[in-house]
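Peer 1: Please see the structure below; I have some questions.
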Amino acid sequence: MDRDYIISQAEILAKEKMKDYDPGHDWWHILRVRKIANIINDEEKTADPFLLDVSAILHDAADSKFSNSGKYSDLDKFLQNKGVPCDTSLRIISAIKNISFSNKNPSGDLKDPLFLILQDADRLDAIGATGIARAFSYGSSIKNPIYVPPDKNGIIATSTIRHFYDKLLKLKDLMNTSTGKRLAEDRHEFLEKFLQQFYSEWKI
Ligand code: ADP
Ligand code: NI
């Protein structure tokens, strides 16, 4: 297995797949997730650094939110075509498939450190200042309002601020690794500070 070749081919594929995604899911997101995953693994030392790199690079290349993205079977073919053994390719695909917050039916090895670290890294990039920027970017790409106050029955309409409660504020407690948990604290606090400031400005 030529590791440098596989990494460079994966980078080309991911760049191509993500060029039409929203700015919250662009190549910079991939670079950030790869870096955070490496930082976690430097402390945890539980994942193979090469597999973690390949998984981070390809983790959004078959995202179902984006209609032009490929399928997992295509990704598997791609990896095997570049010389990745079948069982290794399946392991990478399984980690990638399971990381989504919205994936209600995970399958495969959910204790694989490859998956646990990758999911933490992806989740860390969804919180903190970066996560806030990404949420408003994605929210605007699907034309969601920034915020809608609750109606007279207390019903809260869809908005990017609501997404904080639906997902972002929950991520801190969903971290898998102790390094991920530690890195999430600061970012979580920043979400709370942001919301406080937002509501105080809203009520002016
Ligand atoms: P997952 O695949 O883990 O469910 P997503 O890929 O949906 O997570 O989330 C990726 C990014 O898009 C995150 O930063 C997330 O906060 C943002 N995002 C997803 N759904 C929404 C939404 N309805 N409003 C605002 N941001 C969103
Ligand atoms: Ni991602």
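The values are calculated or read from the model by the stated rules, or taken from the named source; none is laboratory data. No experiment lies behind these values; they were computed from the predicted model shown. Every residue, glycine among them, receives a Cβ derived from its backbone with ideal geometry; neighbour counts consider all protein chains shown.
Peer 1: Assess whether Ala47 counts as being at pLDDT below 95 and touching a Ser or Thr at 6+ places or on another chain (Cβ under 9 Å). Steps first, please.
Peer 2: Values: at pLDDT below 95: no; touching a Ser or Thr at 6+ places or on another chain (Cβ under 9 Å): yes.
No.
Peer 1: Right, something else. Pull out all pairs, ordered by first then second residue, where Cβ-Cβ is under 8 Å, the residues are six or more apart or on different chains, the first lies in the stretch 134-152 and is more than 30 Å from Ile30 (Cα to Cα), and the second is assigned to a loop (DSSP other than H, G, I, E, B).
Peer 2: So the pair list comes out as Val148/Ile156; Val148/Ala157; Val148/Thr158; Val148/Ser159; Pro150/Ile156; Asp151/Ala157.
Peer 1: Hey, another quick one. Quick check: is even one residue across the stretch 13-36 at positive phi, more than 16 Å from ligand 1 (Cβ to nearest atom) and surrounded by fewer than 19 Cβ atoms within 10 Å (Cβ to Cβ)?
Peer 2: First, pick out the residues of the stretch 13-36 that are at positive phi: none.
There is no residue in the stretch 13-36 that is at positive phi, more than 16 Å from ligand 1 (Cβ to nearest atom) and surrounded by fewer than 19 Cβ atoms within 10 Å (Cβ to Cβ).
Peer 1: Could you give me the residue pairs with C-beta distances under 8 Å whose first residue belongs to the stretch 155-172 and is in contact (Cβ under 8 Å) with a residue 60 or more places away in the chain and farther than 13 Å from Phe136 by Cβ, whose second residue is outside any helix (DSSP H, G or I) and within 7 Å of ligand 1 (Cβ to nearest atom) wherever it lies, and which are 6+ apart or on separate chains?
Peer 2: Within 8 Å, the pairs are Lys167/Phe101; Lys167/Ala126; Leu171/Phe101; Leu171/Ala126.
Peer 1: List pairs: first residue in the stretch 79-104 and within 24 Å of His25 (Cβ to Cβ), second residue outside any helix (DSSP H, G or I) and within 11 Å of ligand 1 (Cβ to nearest atom) anywhere in the structure, Cβ distance under 6 angstrom, at least six positions apart or on different chains.
Peer 2: So the pair list comes out as Ile96/His59; Phe101/Lys167.
Peer 1: Now, a different point. Take the residues in the stretch 126-150 that are assigned to a loop (DSSP other than H, G, I, E, B) and within 7 Å of ligand 1 (Cβ to nearest atom), then tell me which one is surrounded by the fewest Cβ atoms within 10 Å (Cβ to Cβ).
Peer 2: In this case the residue turns out to be Ile142.
Peer 1: Go through the stretch 151-172 and give me each residue that's assigned to a helix (DSSP H, G or I), closer than 17 Å to Ala184 by Cα and among the basic types (Lys, Arg).
Peer 2: Scanning the stretch 151-172 gives Lys170, Lys172.
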